[in-house]
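The block underneath contains the structure these notes are about, expressed in structure tokens.
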2 protein chains.
Amino acid sequence: MTAPPNGSSHDLAHPQEQDLDLTQVLFALSDPGRLEIVRQLRDGPVEMAQCNLADPTVAKSTKSHLFKVLREAGVILNLPKGRGRLLSLRREELDRRFPGLLDAVLDAS
Amino acid sequence: MTAPPNGSSHDLAHPQEQDLDLTQVLFALSDPGRLEIVRQLRDGPVEMAQCNLADPTVAKSTKSHLFKVLREAGVILNLPKGRGRLLSLRREELDRRFPGLLDAVLDAS
DNA sequence: TCGAAGGTTCAAGTATTATCGAACCATGAC
DNA sequence: GTCATGGTTCGATAATACTTGAACCTTCGA
């Protein structure tokens, strides 16, 4: 097969802005580990490999799961970049859909 | 025993403002049923007996549990009133502790 | 004092989530 | 190619959370 499947590259599913659900977003943010991740993305995209949790003992499959919950809730974007992945907050979409929510959470002590 | 235990009346525990935890609050709000309750308290205190869920089939013990989660997270106040209970949002405390959060959640579509 | 209304708590079963190792896949470096 | 790096997914198990009936408590009204 010489023809590449076109747009292959492990593409993960992201919900559309219109499908974002408030309770799902709140749930995604309601875990300390996931919240920690979100805070790290506050100032811009971060490569997953550089995105470390306070607890260094957590398995990589567990870490992957945390990202999955955030992605499926529509909180973050997880795109392929080189041999790794680039993570970013879906700020604009979240702000449009739930104005003030993300800032309130990020600003909270 | 003629002497009443003084301040008896089924007093439920409520966390202090300083002990409110963001992730716990977010978790409490991340359930559709609980969110529904919180919305009903938006415009002021409501007696529990008048606080009904969309789904009328839910058992009273289940309902009680929903209120418990909200209370233990510090989202609502649950005080005795007559033979029932009066529920209210802990608005001021939540606003002080997590500015903008409650409004963002309540205003969300 | 008795009964009914309104709620909490307990115990037990069910469902959902978290966690991890192992297997697997893609990319870039060589 | 081959190998190491970086991640995802799967399957299993542990931990949480949800749901409910039963038992119980308190308050109001008769």
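Any read-out appearing in this document is the output of simple, stated calculations on the displayed coordinates, not a laboratory observation. Keep in mind it's a predicted model, so treat the numbers as computed, not measured. When we count neighbours, we look across all protein chains shown, and the Cβ atoms used for this are built from the backbone with ideal geometry, even at glycine.
Mind listing just one residue for me: the one in the range A:26-52 that is without any contact (Cβ under 8 Å) to a residue 24 or more places away in the chain and more than 24 Å from B:ALA28 (Cα to Cα) and, of those, farthest from DNA strand C (Cβ to nearest atom)? For the range A:26-52, the residue satisfying everything is A:ASP43.
For B:THR62, the test of being out of contact with any strand residue (DSSP E or B) (no Cβ under 6 Å at 6 or more places or on another chain), of a type in the set (Val, Ile, Thr) and within 8 Å of DNA strand D (Cβ to nearest atom) is passed. In the range B:73-101, what residues are within 10 Å of DNA strand D (Cβ to nearest atom) and not in a strand (DSSP E or B)? If the condition is that a residue be within 10 Å of DNA strand D (Cβ to nearest atom) and not in a strand (DSSP E or B), then B:GLY82, B:ARG83 are the ones that fit.
If you go through the range B:67-98 and keep only what is closer than 17 Å to B:PRO32 by Cα and either of a type in the set (Asp, Glu) or more than 9 Å from DNA strand C (Cβ to nearest atom) (or both), you end up with B:VAL69, B:LEU70, B:ALA73, B:VAL75, B:ILE76, B:LEU89. In summary, B:SER61 fulfils each of the numbered conditions (1) more than 13 Å from the chain's Cα centre (by Cα); (2) among the polar types (S, T, N, Q); (3) under 26 Å from A:ASP107 (Cβ atoms) with the single exception of condition (3).
When the range A:82-104 is limited to residues that are surrounded by 13 or more Cβ atoms within 10 Å (Cβ to Cβ) and among the basic types (Lys, Arg), the one that is farthest from the other protein chains (Cβ to nearest Cβ) turns out to be A:ARG85. Only one of the listed residues (A:ASP43, A:ASP107) is away from every other protein chain (no Cβ under 13 Å) and away from DNA strand D (no atom under 14 Å from the Cβ). That residue is A:ASP43.
Considering the range B:14-30, and only residues there that are part of a loop (DSSP other than H, G, I, E, B) and under 13 Å from the mean Cα position of the chain (by Cα), the residue that is nearest to DNA strand D (Cβ to nearest atom) turns out to be B:PRO15.
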